[in-house]
Amino acid sequence: MFNTSAYAQSLVDHKNGDSHVDNAPLERMVVTGTRSELAQSRSPVSIDVISGAQLQQVSHGTLASALNFIPGVVTKRNEKDGYTVQMQGFDGDHVLVLLDSQPLISPTGSSVDLDQISVLNIERIEVLRGAASVLYGSSAMGGVINVITRKQSQNSGKFRYQASSYTQNAIDSSDVAGLYQLDINQNIMGWQGSVSAQKIDDPGFDYDENTLSQSAPSTDKSFVNLGLAKDFSDIHLALKTRYFSDEKIKLRYAIPGQAGDISYLSDVEQWQYDVNVSKSQVWKVNGRYLQHDETSGDSNGLRDAEITLAEIDSQYQWQLGSAALVSGLILHRDELYQIKQGSSPDVSGTIEVDNQSRDSVEGYTQASWLYGDHEFGAGVRVQNDSDFGVHSAARLNGLFTLNNDKNDLWQLRLGAGQSYRVPTLKERFYVFDHSNLGYMVLGNDELDPETALSGNVELSYHGSVARLFGANNTPNAYPRLSLRANIHYAKAQDFINTVTDVEASAQTGLLISRYENVDQTYMKGADLSLKLSWQKVDYQLSYSYLHATDGDDNYLADRPTHQIKSNLNWQLPFDINALAYVVYETGEHPSSTQLGIEKDDWLSVNVSVNQHINDQWQWNAGIDNLFDEHQDSDAFAQGLLDVRPLSSQRVFVGVSYQFY
Amino acid sequence: MKISYLVSLSTVLLLTACGGSSSSSDSVDASPTEPTTPVVEEGTVVGPFSTGTTAEPIRVYFDLDAGEALLLTAEEAAQNSAWDIAFQRTKVYLNTHSENSVGAFFTDVNSDFYDDAGAAVVDSFLNADADSELDDYLAISGTDIPADDSFVGDSEESVIGPKFYDYDTTTHVVTANDDRYFIVDSDDAYTKFRVTDLTSDGRTMSSITFGVATQNTLAGDIEFGAESALTINTADCTDDIYIDFDLGAALSASDAWDITLACTTVDDITGAEFDIHIAEDATALVDDSNAYAAIDSEAAQFYGFTSDVTQELAFDANPWYQYNLNGGHLLWSQYGVYLIKTSDATFKMQITSYYDDAGTSGNYSFRFDELISE
């Protein structure tokens, strides 16, 4: 089922039963808006949910392309062939990606590479649009994507294989990408154990076989998750280990004057250890340690990076008079070491970030009050950081239930407050020495956090078409209807960018750029969404508008002004499910360095089907990017704006088998 | 004559064949093998020679006559006349030793790598390699050697130096060039000055008058103020003269001065030399047309301010490479052919690559051969 609304989802789940509207739909619980489990319709902050099953059908093993399915989310491929997301005009550095409400490693700036997160073991993804720094701290400025992993309680075993081809863009016509998944859950002596593994073997693709350079890299990814969980009375203990490795290679250039070639290489290995202890709806302590080792860059200039993240996140829910409170204390540490390799084993490398670290202690409290059918929330977060001292943020939220009939539900959500992003270790301590070519880029340890003031208003309706148009006593529950209109505004300041250091440039005769708190940005926009559900068909249409400018009223580049997403899900006979979804973006503005516009809009049409043959066997097939809309490499190389992504038509077919 | 550094394959094969035949007979050839002079084919590429990294650069000194790189420290190289050409990352240096003052001349081979507007023709650069550009190289012969005065060596130049006066070679009269302005960035202020008058006294100056306008950025000035006159009497100097424009006076060396003129006190000749320098921590530029009413400090590095003495490299006038033509931050040779005139001979030279076979930058490969004048 392919509505991103859990509300609609729950309706679909029950539509085979009594279809009368009074048969109230079951609601999915969400945690991201309040850090406590809450029915989705009661969350004072609007949360979208995409289920693990949905993810499996729209993804190819990682979150990279799957999030493109979610309304209002813009996915972008970065220069390291990774994927980030934009929300409400904020780029990937300002959208926080969490795994079970805790942060992940960000190999590039502050943005997590979505191609390094597998869809294995995912229960659901919760998407919070807008600022949430009070609950989640740094980077939660444009939104939060919270990946919630599954808490398995039943024994099960499943294997899945999917093959795919990039059709006419395949580097070799016989190239086939393989996706292998194994997922086993077993209760042993009271412990719920889980082992899941995934391997992605992707040959990459190339638009033009007559050029040396390759469009997308060949990749070899492996994911292994191990978990153990047990309940001791009302205390839940969970231990998790995640391993990830990723090797990429992509031909890029001929070596001038030599016979060899230069390739982009990336070799990543990541270990994650989680320890979670909790008492349901009362308290929890989550510990996480992440070690990320990476060698990447062009083959003639590789860099080694060692990134470490350690965090203890404790939370307590309590009552103070009529107010329900959730409070937390977080200890966080980041470490970074980066060196540019020497030209040979005999030549020492150049240290670019020299074993730097950052520690922070963060505390937050959010209180919520029920007032009739309405709910109000207020929260504050204080962070004491080893780099820049004390910083704080506060926010107010309100949920006004205008009509409390669950089958004709009108709600108004208001929110306003502060958010921030702390400077990364790279922004503070980077030394990028290209002085032989006349320039250097240097970090700045005097940076302050970026900050934003933002607000949003959302009006939503959940009910049916008949009820909306006044037929209050109709027994006709279908088509079910959900509407949502959201407007948002944010003023951000002290955004970190590189600027020329005049004094240092004059002294050295080089162009010295340094990270500084300089930029202001203004984001305003609107998201509109419509969902319709019949007995066998679900349809969703969404539109997002964005007006993003800098302090000089110039449009920000790399962001679509208009985005339309539409998806249709059809339940066919023989337990066949068909899905079609469309993404259309237009109105992106060129950057100051781009010389013109090749194409400023793009359309992606994606179709897939799946069928449950029986309890064990299931198959799926589909085509992504049906019309093979993709970037023109020549135009891009000429400095022209081409908003079409670096993507390829892709045909896929898969099968899965459930052992038990 | 260039000493060979590659042994010809034919010679090796010949020697091997001889050895084979001798072993097949029982006789022992007691006569020594005729010494073989290795033959180097014209256009043979040598290298790569590593010039280190940006952080730890190495200067490679090359002796074209000997056909080999010399291991020299910077101090040794300054006193050494054997090397002819040196490489350090993107820079190419020529020896300026008095006994081997090397000059370069750039032929117009591959001038079509640039269009009429002077822009690089990207495909020409990307499609060229050592093989494809060999014929252009081989085509250069002794007949292409220009007159000696066409060769340019490396030199040092003062940013101001003697540029403030005109010398009439007929009348031998020195006059102030009051159309030429200089802007000095010193002590948090920009000072624009020109020499409006000077009094010469033989080989020295007895007085010099400046027109001075100041833009004090610390005080919030956003443009130069009105010009005022400053006259310094240098007739009776006993030490070098240090002038501070802000105070409008000559100070001592330990003060915060802006420009200096050396004082000559030899025999009965006393006065300032016709040569102006700026402080070590200052930079300056020549404003020939009085174009700048203000300096935008945010963009100061783009005006072309330089330190007192700059090294003018002959190769910089005709760079051998283009940078970042296909987005890869790579240096692509134009495969231009340079004529290098040493104290003993004239060579042609073509830089074929800045990389080794793994793509490591700073590794020079080039071909060179001696030209015989015809």
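The values are calculated or read from the model by the stated rules, or taken from the named source; none is laboratory data. Because the structure is a prediction, the values reported are computed rather than measured. No Cβ is skipped: glycine too gets one built from the backbone with ideal geometry, and neighbour counts run over all protein chains shown.
In the list B:F113, B:F105, which residue meets the criterion of being in contact with a Pro (Cβ under 8 Å, 6 or more places away or on another chain) and not aliphatic (A, V, I, L, M)? I'd like the intermediate steps shown before the answer.
On the way: B:F113 fails: in contact with a Pro (Cβ under 8 Å, 6 or more places away or on another chain).
It is B:F105.
Collect the residues in the range A:254-270 that are crowded, with 20+ Cβ neighbours inside 10 Å, aliphatic (A, V, I, L, M) and within 10 Å of chain B (Cβ to nearest Cβ), keeping them in residue-number order.
Once the filter is applied, which keeps residues that are crowded, with 20+ Cβ neighbours inside 10 Å, aliphatic (A, V, I, L, M) and within 10 Å of chain B (Cβ to nearest Cβ), the range A:254-270 yields A:A254, A:I255, A:I262.
Output the number of residues of the range A:540-559 satisfying the condition of being aromatic (F, W, Y) and at pLDDT below 95.
To start, the set of residues in the range A:540-559 that are aromatic (F, W, Y) comprises A:543, A:545, A:555.
Checking the rest, the ones that are also at pLDDT below 95 come to A:555.
Total satisfying the criteria: 1.
If the requirement is being closer than 23 Å to A:D208 by Cβ and among the aliphatic types (A, V, I, L, M), which of these qualifies: A:V607, A:V655, A:V643? If you could, list the steps in order and put the result at the bottom.
Values: A:V607 fails: closer than 23 Å to A:D208 by Cβ; A:V655 fails: closer than 23 Å to A:D208 by Cβ.
Being closer than 23 Å to A:D208 by Cβ and among the aliphatic types (A, V, I, L, M) holds for just one of A:V607, A:V655, A:V643, which is A:V643.
Since B:A77 meets every condition but one in (1) within 19 Å of the chain's Cα centre (by Cα); (2) at pLDDT below 90, which condition does it not meet?
Going through the list (1) within 19 Å of the chain's Cα centre (by Cα); (2) at pLDDT below 90, B:A77 breaks only (2).
Quick one: which residue in A:R514, A:R559, A:R484 is at negative phi, of a type outside the set (A, V, I, L, M) and not in a strand (DSSP E or B)?
Working: A:R514 fails: not in a strand (DSSP E or B); A:R484 fails: not in a strand (DSSP E or B).
Only one candidate passes the filter, namely A:R559.
Looking only at the range B:312-360, how many residues end up being within 7 Å of another protein chain (Cβ to nearest Cβ), under 21 Å from the mean Cα position of the chain (by Cα) and of a type outside the set (F, W, Y)?
Selection size over the range B:312-360: 4.
I'm told B:A139 meets every condition in (1) more than 26 Å from the chain's Cα centre (by Cα); (2) within 14 Å of chain A (Cβ to nearest Cβ); (3) among the small types (G, A, S) except one. Can you identify the failing condition by its number?
Of (1) more than 26 Å from the chain's Cα centre (by Cα); (2) within 14 Å of chain A (Cβ to nearest Cβ); (3) among the small types (G, A, S), only one is false for B:A139: (2).
State whether one or more residues within the range B:132-146 are closer than 22 Å to A:G260 by Cα, assigned to a loop (DSSP other than H, G, I, E, B) and in the same structural domain as B:V92 (by TED's automatic domain parsing). Write out each step before concluding.
Looking only at the range B:132-146, we keep the residues that are closer than 22 Å to A:G260 by Cα, and these are B:132-134.
So of that shortlist, the ones also assigned to a loop (DSSP other than H, G, I, E, B) come out as B:132-133.
Of the ones still in play, those that are also in the same structural domain as B:V92 (by TED's automatic domain parsing) are B:132-133.
Yes, the range B:132-146 contains at least one residue that is closer than 22 Å to A:G260 by Cα, assigned to a loop (DSSP other than H, G, I, E, B) and in the same structural domain as B:V92 (by TED's automatic domain parsing).
Do we find that B:A130 is surrounded by fewer than 18 Cβ atoms within 10 Å (Cβ to Cβ) and among the hydrophobic types (A, V, I, L, M, F, W, C) in this structure?
Working: surrounded by fewer than 18 Cβ atoms within 10 Å (Cβ to Cβ): no; among the hydrophobic types (A, V, I, L, M, F, W, C): yes.
Against the criterion (surrounded by fewer than 18 Cβ atoms within 10 Å (Cβ to Cβ) and among the hydrophobic types (A, V, I, L, M, F, W, C)), B:A130 does not qualify.
Which ranges mark the strands (runs of 3 or more DSSP E) fully within the range A:355-471 that have 2 or more residues being more than 14 Å from chain B (Cβ to nearest Cβ) and either of a type in the set (D, E) or surrounded by fewer than 19 Cβ atoms within 10 Å (Cβ to Cβ) (or both)? Break it down into steps so the answer makes sense when it comes.
Values: elements: A:374-385, A:389-405, A:408-421, A:431-434, A:439-442, A:450-464.
Per the criteria, A:374-385, A:389-405, A:408-421, A:450-464.
Are any of the residues in the range A:231-246 modelled with pLDDT of 95 or more, part of a strand (DSSP E or B), among the polar types (S, T, N, Q) and out of contact with any Leu (no Cβ under 7 Å at 6 or more places or on another chain)?
yes
Within the range B:84-91, is there a residue that is among the hydroxyl-bearing types (S, T, Y) and under 15 Å from the mean Cα position of the chain (by Cα)?
Start the filter on the range B:84-91 by keeping residues that are among the hydroxyl-bearing types (S, T, Y), which leaves B:90.
Now restrict to residues that are under 15 Å from the mean Cα position of the chain (by Cα): B:90.
There is at least one residue in the range B:84-91 that is among the hydroxyl-bearing types (S, T, Y) and under 15 Å from the mean Cα position of the chain (by Cα).
Of everything in the range A:272-316, what is among the β-branched types (V, I, T) and part of a strand (DSSP E or B)? Give them in sequence order.
Narrowing the range A:272-316 to residues among the β-branched types (V, I, T): A:275, A:277, A:282, A:285, A:295, A:307-308, A:312.
The answer is A:V275, A:V277, A:V285, A:T295, A:I307, A:T308, A:I312.
So, in the range A:194-250, how many residues would count as being crowded, with 19+ Cβ neighbours inside 10 Å, among the hydroxyl-bearing types (S, T, Y) and farther than 14 Å from A:L265 by Cα?
Selection size over the range A:194-250: 3.
Sort through B:D149, B:D179, B:D123, B:D116 and tell me the only one that's under 30 Å from B:T342 (Cβ atoms) and surrounded by fewer than 18 Cβ atoms within 10 Å (Cβ to Cβ). Talk me through it step by step, then tell me what you get.
Values: B:D179 fails: under 30 Å from B:T342 (Cβ atoms); B:D123 fails: under 30 Å from B:T342 (Cβ atoms); B:D116 fails: under 30 Å from B:T342 (Cβ atoms).
Of B:D149, B:D179, B:D123, B:D116, the one residue that is under 30 Å from B:T342 (Cβ atoms) and surrounded by fewer than 18 Cβ atoms within 10 Å (Cβ to Cβ) is B:D149.
Check the range B:364-373 and report whether any residue there is away from chain A (no Cβ under 12 Å), modelled with pLDDT of 85 or more, out of contact with any His (no Cβ under 7 Å at 6 or more places or on another chain) and closer than 21 Å to A:H434 by Cβ.
There is no residue in the range B:364-373 that is away from chain A (no Cβ under 12 Å), modelled with pLDDT of 85 or more, out of contact with any His (no Cβ under 7 Å at 6 or more places or on another chain) and closer than 21 Å to A:H434 by Cβ.
From the list A:L63, A:L98, pick out the single residue that is closer than 20 Å to A:A197 by Cα, touching a strand residue (DSSP E or B) at 6+ places or on another chain (Cβ under 9 Å) and either surrounded by fewer than 24 Cβ atoms within 10 Å (Cβ to Cβ) or not polar (S, T, N, Q) (or both). Talk me through it step by step, then tell me what you get.
Details: A:L98 fails: closer than 20 Å to A:A197 by Cα.
Every option except A:L63 fails the conditions.
Taking the criterion of being within 27 Å of B:D356 (Cα to Cα) and touching a helix residue (DSSP H, G or I) at 6+ places or on another chain (Cβ under 9 Å), would at least one residue in the range A:323-332 satisfy it?
Taking the range A:323-332 and keeping what is within 27 Å of B:D356 (Cα to Cα), we get none.
Within the range A:323-332, not a single residue is within 27 Å of B:D356 (Cα to Cα) and touching a helix residue (DSSP H, G or I) at 6+ places or on another chain (Cβ under 9 Å).
Search the range A:172-187 for residues being more than 24 Å from the chain's Cα centre (by Cα) and in contact (Cβ under 8 Å) with a residue 12 or more places away in the chain, and hand back the single one that is farthest from A:T62 (Cα to Cα).
If we filter the range A:172-187 for residues that are more than 24 Å from the chain's Cα centre (by Cα), which is where we start, we get A:172-176, A:184-187.
Of the ones still in play, those that are also in contact (Cβ under 8 Å) with a residue 12 or more places away in the chain are A:172, A:175-176, A:184-187.
Values: A:D172: 24, A:D175: 20, A:V176: 17, A:I184: 19, A:N185: 21, A:Q186: 24, A:N187: 27 Å.
Among them, the one singled out is A:N187.
Taking the stated definitions as given, is B:D258 more than 30 Å from B:Y137 (Cβ to Cβ) and either at pLDDT 85 or above or in contact with a Leu (Cβ under 6 Å, 6 or more places away or on another chain) (or both)? Working first, answer last.
Numbers: more than 30 Å from B:Y137 (Cβ to Cβ): yes; either at pLDDT 85 or above or in contact with a Leu (Cβ under 6 Å, 6 or more places away or on another chain) (or both): yes.
Yes.
Take the residues in the range A:384-406 that are more than 17 Å from A:V326 (Cβ to Cβ) and polar (S, T, N, Q), then tell me which one is nearest to the chain's Cα centre (by Cα).
Once the filter is applied, the top-ranked residue is A:S392.
Show me the strands (runs of 3 or more DSSP E) entirely contained within the range B:173-252 in which 3 or more residues are within 14 Å of chain A (Cβ to nearest Cβ). Explain how you work it out, then say what you get.
Values: elements: B:174-176, B:181-186, B:189-201, B:204-216, B:228-233, B:241-244, B:249-251.
It comes to B:181-186.
For the list (1) within 27 Å of the chain's Cα centre (by Cα); (2) under 27 Å from B:T270 (Cβ atoms), I need the number of the one condition that B:S186 fails.
B:S186 satisfies every listed condition except (2).
Among the residues of the range A:198-211, is there at least one that is within 14 Å of chain B (Cβ to nearest Cβ), out of contact with any strand residue (DSSP E or B) (no Cβ under 7 Å at 6 or more places or on another chain) and over 19 Å from A:E79 (Cβ atoms)? Let's see the steps before the verdict.
Restricting attention to the range A:198-211, the residues satisfying the condition of being within 14 Å of chain B (Cβ to nearest Cβ) are A:208, A:210-211.
Filter once more, keeping what is out of contact with any strand residue (DSSP E or B) (no Cβ under 7 Å at 6 or more places or on another chain): A:208, A:210-211.
Okay, now just the ones that are also over 19 Å from A:E79 (Cβ atoms), so A:208, A:210.
Among the residues of the range A:198-211, at least one is within 14 Å of chain B (Cβ to nearest Cβ), out of contact with any strand residue (DSSP E or B) (no Cβ under 7 Å at 6 or more places or on another chain) and over 19 Å from A:E79 (Cβ atoms), which makes the answer yes.
Considering only the range B:312-344, how many residues are exposed (fewer than 14 other Cβ atoms within 10 Å of the Cβ) and within 23 Å of B:D149 (Cβ to Cβ)?
Residues meeting the conditions: 4.
Quick check on B:T270: is it surrounded by 16 or more Cβ atoms within 10 Å (Cβ to Cβ) and modelled with pLDDT of 90 or more?
On the way: surrounded by 16 or more Cβ atoms within 10 Å (Cβ to Cβ): yes; modelled with pLDDT of 90 or more: no.
For B:T270, the condition - surrounded by 16 or more Cβ atoms within 10 Å (Cβ to Cβ) and modelled with pLDDT of 90 or more - is not met.
Quick one: in the range B:288-311, which of the residues that are of a type in the set (D, E, K, R), touching a strand residue (DSSP E or B) at 6+ places or on another chain (Cβ under 8 Å) and surrounded by fewer than 17 Cβ atoms within 10 Å (Cβ to Cβ) is farthest from the other protein chains (Cβ to nearest Cβ)? Explain how you work it out, then say what you get.
So in the range B:288-311, the residues of a type in the set (D, E, K, R) come out as B:288, B:296, B:298, B:308.
From the residues that got through so far, the ones that are touching a strand residue (DSSP E or B) at 6+ places or on another chain (Cβ under 8 Å) too are B:288, B:298, B:308.
With surrounded by fewer than 17 Cβ atoms within 10 Å (Cβ to Cβ) added as a condition, the list becomes B:288, B:298.
Details: B:D288: 21, B:E298: 6 Å.
Out of the qualifying residues, it is B:D288.
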